[in-house]
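Since the structure comes first, as C-alpha cells, the remarks are kept for the end.
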Amino acid sequence: MIERKGYLKHKTTIATCREFQYKKLNGQNILFKKLVPMQSYSHTRHSVRITVNPVYLENQSIPEDNQFLWAYHVRIENLSAENLLLRKRYWKIIDALGRVQEVWGDGVVGEQPNLQPGESFEYTSGTPLPTSSGIMAGFYVMEKKDGERVEIEIPVFSLDSPHEVISVH
C-alpha cells in the first residue's frame, strides 16, 4: 500500500498484507511492520479536506543514533464543484529542539493530481528527524480551472515516538 497513490471516488480501501507493508522511501523498497496511525488530523478549507495520519516507524528508526523516522499518509478530498489541480506543496518540519526545515516542491510524490469534484487523491511519504518528536505543517497550492491559485492548509500534526520523554509541570 504505502507507495500507493491514486484517484478515488467516495470510499477508500487500504490494501495491506496482514502484518507487513512495502514502501519505496528514498528510492529503496522497505518492508515495514503493519502501520497503525497514531492520530488522524483533518482540516477543510476552500472545500478541500486534507486528512493526515502520521505513523512512527519503530523498525526503521535508530534511537541510540538519534535517527527517528515517520511515515504520513495524506488524503486530499475535493468537496467543491470545480476541478482543482495540485501545483505545489510546502512543508515546515520542526524537531523537538526547535530546528526548522522547510520543503518546497512541485506536486506530491512526483505527481500533480487533477481532482474532479468528489474525487480524492492519497499518497504516503516520510520524514526523518534527529529528535524523538516534532511537528509538521504546511499547505498545498491548488489551481482552479480559471487559473486562480489558492492555498489549502495542511493540518498541523505531531510526530511522536515512544522514545519521547514527557514531563508534566
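Of the strands (runs of 3 or more DSSP E) lying entirely inside the range 46-123, the ones with 1 or more residues being without any contact (Cβ under 8 Å) to a residue 40 or more places away in the chain and loosely packed, with under 13 Cβ neighbours inside 10 Å are found at 100-106.
Taken over the range 124-168, the residue count meeting the criterion of being within 15 Å of residue 89 (Cβ to Cβ) and loosely packed, with under 14 Cβ neighbours inside 10 Å is 1.
Here, each number is a calculation from the coordinates, and none is a lab measurement. Model, not experiment: these values are computed from the prediction. Every residue, glycine among them, receives a Cβ derived from its backbone with ideal geometry; neighbour counts consider all protein chains shown.
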